[in-house]
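Q: Structure incoming, see below.
The values are calculated or read from the model by the stated rules, or taken from the named source; none is laboratory data. A quick note: this is a predicted structure, and the numbers were derived from the prediction, not measured. Neighbour counts are summed over all protein chains in view; Cβ atoms, including those assigned to glycine, are modelled from backbone coordinates with ideal geometry. These area figures cover heavy atoms from the full protein model, side chains too; ligands, DNA and RNA do not enter into them. Shrake-Rupley method; radii C 1.70, N 1.55, O 1.52, S 1.80 Å.
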Amino acid sequence: MSAPVRIAVVGLGKIARDQHLPAIAGDPGFTLAATASREGEGAGVPHFASLDALLADGPPVDAVALCTPPQVRYDLAAAAIGRGLHVFLEKPPGATLAEVVALDALAARAGVTLFASWHSRFAAGVAPARDWLAARTVRRVAITWREDVRVWHPGQRWIWEAGGLGVFDPGINALSIATAILPHPFFLQDAVLQFPANRDAPIAADLRFRDATGAPVTMDLDFRQTGPQSWDIVVDTDDGTLTLSNGGAVLMLPDGERRAPDREYPALYARFAELIAGGECDVDVAPLRHVADAFLRGRHERVEPFHD
Ligand code: NAP
């Protein structure tokens, strides 16, 4: 068995602490070598105020996991690739499509692994949903992703800044699932994006796509949802209805419900290890491309200011 991959985690915020550090601790293929974050104490390993400082003075590392907001990810990833390190990108992989494509080329040239991760694709219901849909005709798809931004993103200013994606920060997870499970590509027809008067990213969006066979795909995103939260995809087919709920964790098929334990981040690290061992990259920009299309083709409306 080869030695564990020595990994540094950069950006010790919510997702790094909730998911990355436990997933790394639970995976014998990795060992946490260092952390970098402007604030905070670290996690019991050498801690640095920046990736540059870590690369200059830190212990040797083979890989980095970039858990910062997307707006600063390109420079970090380019620096790591430039040092010959493998790179795990949190979603979304960047603030623009062009920078992600450029990173892919940099990684290929450097011969390192670049993994643009989409954690929701590893939710328990997603692979069986894709397999079930592959043999059926899709008639209609309805995506509803409505959550309370005050509960899930308290104090995250970056999410409201340009490149932070606003309600598309969770919405892109739905798109990562839809692009993985639907048997045909789908294209934006029209969209309305609602921007609070005091913010640079949308708080809600309504999108209408159609797939290559003409089946409608609707998407309802809202950050103002109080009470029950919705992370659901409903697919009507010629053979009954498939429902993926809880962000892909629960799959309902005409013959009953399927549930399995949540293994999204352990599965992401297993995939990263597999890519490193195989000398491969995995960079699928399809979900980010749909978001870019929404900003490009959607009508932008101003709505009342949002206050935390
Ligand atoms: P977060 O709690 O705000 O953490 C991001 C961390 O990045 C901050 O703690 C900050 O640490 C560091 N950072 C570096 N440069 C920054 C900058 N210019 N502005 C703000 N922070 C900066 O955010 P998060 O929820 O962990 O999300 C981070 C990424 O993971 C996002 O792309 C998000 O879409 C993705 N993600 C989040 C979740 C979730 O449930 N929260 C789930 C899956 C994926 P320092 O200030 O110490 O440098």
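Q: Please go through (1) touching a strand residue (DSSP E or B) at 6+ places or on another chain (Cβ under 7 Å); (2) closer than 25 Å to Arg157 by Cβ; (3) open to solvent by 20 Å² or more (accessible area, probe 1.4 Å); (4) more than 10 Å from the ligand (Cβ to nearest atom) for Thr31 and return the number of the only condition it doesn't satisfy.
A: (2)
Q: I want to confirm something. Restricting to the stretch 1-51 and keeping residues that are charged (D, E, K, R) and assigned to a helix (DSSP H, G or I), which single residue is farthest from Ala270 (Cα to Cα)?
A: Narrowing the stretch 1-51 to residues charged (D, E, K, R): 6, 14, 17-18, 27, 38-39, 41.
Adding the requirement that they be assigned to a helix (DSSP H, G or I) leaves 14, 17-18.
Values: Lys14: 21, Arg17: 18, Asp18: 17 Å.
Restricting to residues being charged (D, E, K, R) and assigned to a helix (DSSP H, G or I), the top hit is Lys14.
Q: Hey, any hits in the stretch 130-145 for a residue that's under 29 Å from Ile276 (Cα atoms) and either open to solvent by 10 Å² or more (accessible area, probe 1.4 Å) or among the β-branched types (Val, Ile, Thr) (or both)?
A: First, the residues of the stretch 130-145 that are under 29 Å from Ile276 (Cα atoms): 130-131.
Okay, now just the ones that are also either open to solvent by 10 Å² or more (accessible area, probe 1.4 Å) or among the β-branched types (Val, Ile, Thr) (or both), so 130-131.
Within the stretch 130-145 (the criterion being under 29 Å from Ile276 (Cα atoms) and either open to solvent by 10 Å² or more (accessible area, probe 1.4 Å) or among the β-branched types (Val, Ile, Thr) (or both)), the answer is yes, since at least one residue qualifies.
Q: Okay, moving on. Does Ala162 satisfy the condition of being in a loop (DSSP other than H, G, I, E, B) and more than 25 Å from Ile233 (Cα to Cα)? First the steps, then the outcome.
A: On the way: in a loop (DSSP other than H, G, I, E, B): yes; more than 25 Å from Ile233 (Cα to Cα): yes.
Answer is yes for this residue.
Q: Still on this model: I'd like the full set of residues that are in contact (Cβ under 8 Å) with a residue 24 or more places away in the chain, within 15 Å of the ligand (Cβ to nearest atom) and over 22 Å from Ser117 (Cα atoms), limited to the stretch 40-60. Let's see the steps before the verdict.
A: From the stretch 40-60, those in contact (Cβ under 8 Å) with a residue 24 or more places away in the chain are 40, 42-43, 51-52, 54-55, 58-60; that's our starting set.
Then drop every residue that is not within 15 Å of the ligand (Cβ to nearest atom), which leaves 40, 42-43, 51-52, 54.
If the condition is that a residue be in contact (Cβ under 8 Å) with a residue 24 or more places away in the chain, within 15 Å of the ligand (Cβ to nearest atom) and over 22 Å from Ser117 (Cα atoms), then Gly40, Gly42, Ala43, Asp52, Leu54 are the ones that fit.
Okay, residues lined up against (1) at pLDDT below 95; (2) in a loop (DSSP other than H, G, I, E, B); (3) open to solvent by less than 60 Å² (accessible area, probe 1.4 Å):
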| position | (1), (2), (3) |
| --- | --- |
| Pro170 | no, no, yes |
| Asn173 | no, no, yes |
| Val192 | no, no, yes |
| Phe195 | no, no, yes |
| Asn198 | no, yes, no |
| Ala205 | no, no, yes |
| Phe209 | no, no, yes |
| Gly214 | no, yes, yes |
| Asp232 | no, no, yes |
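Q: Restricting attention to the stretch 154-168, report how many residues are closer than 15 Å to Ala292 by Cα and open to solvent by 10 Å² or more (accessible area, probe 1.4 Å).
A: Filtering the stretch 154-168 down to residues closer than 15 Å to Ala292 by Cα leaves 162-168.
In the following step, the residues that additionally are open to solvent by 10 Å² or more (accessible area, probe 1.4 Å) were identified as 162-163, 165.
Residues meeting the conditions: 3.
Q: Also: Give the residue, chosen from Ala8, Ala23, that is in contact with a strand residue (DSSP E or B) (Cβ under 8 Å, 6 or more places away or on another chain) and aliphatic (A, V, I, L, M).
A: Numbers: Ala23 fails: in contact with a strand residue (DSSP E or B) (Cβ under 8 Å, 6 or more places away or on another chain).
Just a single option satisfies the conditions, and that option is Ala8.
Q: From the list Ala80, Ala63, pick out the single residue that is open to solvent by less than 30 Å² (accessible area, probe 1.4 Å), more than 16 Å from the ligand (Cβ to nearest atom), touching a helix residue (DSSP H, G or I) at 6+ places or on another chain (Cβ under 8 Å) and closer than 20 Å to Ser117 by Cα. If you could, list the steps in order and put the result at the bottom.
A: On the way: Ala80 fails: more than 16 Å from the ligand (Cβ to nearest atom).
From the options Ala80, Ala63, the qualifying one is Ala63.
Q: Still on this structure, I have one more. With respect to Phe168, is the statement that it is in contact (Cβ under 8 Å) with a residue 40 or more places away in the chain and within 17 Å of the chain's Cα centre (by Cα) true?
A: Numbers: in contact (Cβ under 8 Å) with a residue 40 or more places away in the chain: yes; within 17 Å of the chain's Cα centre (by Cα): yes.
Here the answer is yes, as Phe168 does meet what is asked.
Q: Quick one: in the stretch 234-278, which of the residues that are open to solvent by 80 Å² or more (accessible area, probe 1.4 Å), out of contact with any strand residue (DSSP E or B) (no Cβ under 7 Å at 6 or more places or on another chain) and part of a helix (DSSP H, G or I) is nearest to Ala25 (Cα to Cα)?
A: Among them, the one singled out is Glu274.
Q: Looking at Arg130, Arg121, Arg109, Arg139 in this structure, which one is touching a Ser or Thr at 6+ places or on another chain (Cβ under 7 Å) and not in a strand (DSSP E or B)? Talk me through it step by step, then tell me what you get.
A: On the way: Arg130 fails: touching a Ser or Thr at 6+ places or on another chain (Cβ under 7 Å); Arg109 fails: touching a Ser or Thr at 6+ places or on another chain (Cβ under 7 Å); Arg139 fails: not in a strand (DSSP E or B).
Step by step, each of Arg130, Arg121, Arg109, Arg139 is checked, and only Arg121 is touching a Ser or Thr at 6+ places or on another chain (Cβ under 7 Å) and not in a strand (DSSP E or B).
Q: Looking at this structure, is Val250 modelled with pLDDT of 95 or more, of a type in the set (Val, Ile, Thr) and over 20 Å from the mean Cα position of the chain (by Cα)?
A: Numbers: modelled with pLDDT of 95 or more: yes; of a type in the set (Val, Ile, Thr): yes; over 20 Å from the mean Cα position of the chain (by Cα): no.
No, not satisfied.
Q: Can you find a residue that is in a helix (DSSP H, G or I), within 16 Å of the chain's Cα centre (by Cα) and within 16 Å of the ligand (Cβ to nearest atom) anywhere in the stretch 142-157?
A: Step one: of the stretch 142-157, the residues in a helix (DSSP H, G or I) are 149-152, 157.
The next check asks that each one be within 16 Å of the chain's Cα centre (by Cα); those that pass are 152.
Imposing the further condition that a residue be within 16 Å of the ligand (Cβ to nearest atom) reduces the set to 152.
Scanning the stretch 142-157 turns up at least one residue that is in a helix (DSSP H, G or I), within 16 Å of the chain's Cα centre (by Cα) and within 16 Å of the ligand (Cβ to nearest atom).
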